[in-house]
Amino acid sequence: MYKSRIAGVGHHVPEQVVTNHDLSTMMDTSDEWIRTRSGIQERRWSPQDTGTSDLAYEASVNAIENAGIKASNIELVIVGTISSDYFFPGVSAQIQDRLGLNTVGAFDIKAACSAFIYSLSVADQFIKTGMVKTALVIGAEAQSKLIDKSTEGRDVSVLFGDGAGAAILTRSDDGNGILSTHLHCEGRELKHLWMEAPGTSPNAWINNLELDSDKFKPIMNGKEVFKNAVTRFPEVIEEAMAANKLSMDDIQLIIPHQANYRISQAVAKRMGVEMDKVYSNIHKYGNTTAASIPIALSEALAENKISKGDHIILAAFGAGFTWASAAIKW
Ligand code: UT7
């Protein structure tokens, strides 16, 4: 068995900054409510002519450059997203084409906030077994296109933002790299965080619905999501540590999916970890779903928060419900 390592990471966010104050001019909300409930101060929204694939492409170009490889070295493309440009095919096909990757395999993973770790895990298996030597793994979202920007949708829309992050995974030659991944799902809870349409269920197909139907808007039972998140994050982080015989003292940085600063605080408190070990950039970007972990990883590296030999843990929880972790020796 081979081992995989992350050779380079990159990210891209749209230029337009939307502050909490900006939102309060569109709907009945306030900077105070959003800040105190979530820690979010601003997020990015992409322009009308920009789709998830455009953000994903820019992030990929950065990751390729940071990894010091050529795009032609990539043998597999996996994109985590729930906001693909088209109903089908996935964003991965667009990226595969724009990077000029000839006929290499490409597919999307729709595991919402956990999708980057799910994608990383799949790419890791391909590299471990020798199927490919280099893979491009992306988390990308243009959530601003899906959210309901009226007062009716405020409980969801103030939390989400747009962005993309990407990682190049290659075969490790020094024994460092991805130590383990753990993936989980509890599908019976899926209606606590979902967007029903458009879909092929009789209740979700376009012929049967008015286009402004609520079924086309993301719906969230915030309290239920919060309650599950603060349990599942510690569980899956502890699972990663146990699998690798690591204690919290061995971990230099935890990069959680950026769902809510209060969730990160509650997780840190439950685990007895200081917040300076838990990376956060939610104040700048809000919740970017599949993109939040690779964006955070990219920024943590740029801020020199990760050094060679460090143990880091990525962890996510979100729609599905899905949750996951990855332990990495950098
Ligand atoms: O990636 C994973 C996905 N999502 C999450 O992890 C989110 C998990 N959940 C949460 O983060 C929190 O539950 C929220 C931030 C969504 C909400 O925080 P909360 O402290 O649970 O607030 P709440 O649901 O108790 O809402 C309190 C009030 C309600 O008014 P009433 O019924 O008490 O009069 C809401 O209608 O706040 C109202 N409200 C708002 N007010 C101003 C809901 N959204 C807003 C808003 N602005 N944007």
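Quick note: the coordinates plus some simple rules give every number you see, no bench work behind them. Small disclaimer: the values here were computed from a predicted structure and weren't measured. Don't worry about glycine lacking a Cβ; one is built from the backbone with ideal geometry, like all the others, and counts go over all protein chains shown.
Some notes on this structure:
- Beta bridges from DSSP with both residues in the chain: antiparallel share about 70 percent, rounded to the nearest 5.
- The stretch 69-84 - phi-based ³J(HN,Hα) in whole Hz, Karplus 6.51/-1.76/1.60, Gly and Pro as x: 10, 9, 3, 5, 6, 6, 10, 7, 10, 10, 10, x, 6, 10, 10, 5
- Contact order, relative form, for the chain: 26 percent (alpha carbon pairs under 8 Å, 6 or more residues apart, mean separation divided by residue count).
- Mean residue ellipticity (222 nm) of the chain, computed from DSSP H runs ≥ 4 via -39,500 (n - 2.57), nearest 500: -9500 deg cm²/dmol
- Over every Cα atom in the chain, the radius of gyration and the widest Cα-Cα span, Dmax, amount to 18.8, 57 Å.
- The phi-based Karplus calculation (6.51 cos²θ - 1.76 cosθ + 1.60; θ = phi - 60°) puts the 3J(HN,Hα) values of the stretch 109-114 at 10, 9, 9, 6, 5, 8 Hz, whole numbers, x for Gly and Pro.
- In a DSSP loop and with at most 15 other Cβ atoms within 10 Å, the trypsin sites (Lys or Arg not before Pro) in the stretch 243-330 are Lys245, Lys308.
- Taking amide H positions as modeled 1.01 Å from N, with prolines and chain starts lacking one, the residues under 5 Å from Ser83 and 5 or more places away or on another chain are Ala142.
- Least to most buried among Ile40, Ile293 (fewest other Cβ within 10 Å first): Ile40, Ile293
- In terms of Cα atoms, the Rg and Dmax of the stretch 4-174 work out to 17.3, 54 Å.
- Percent of alpha-carbon pairs separated by more than 22 Å within the stretch 255-330: 17 percent
- Proximal aspartates and glutamates relative to Lys128, as straight alpha-carbon distance under 18 Å, when same-chain residues fewer than 8 apart are discounted: Glu75, Asp173, Asp174
- Taking other C-beta atoms within 10 angstrom as a stand-in for reagent exposure, Trp194, Trp45 fall in the order Trp194, Trp45, fewest first.
- Backbone amide hydrogens, once placed in the peptide plane, bring Ala106 within less than 5 Å of Val77, excluding anything fewer than 5 places away on its chain.
- Aspartates and glutamates with Cα under 15 Å of Lys215, excluding same-chain neighbours fewer than 8 positions away: Asp148, Glu152, Glu196
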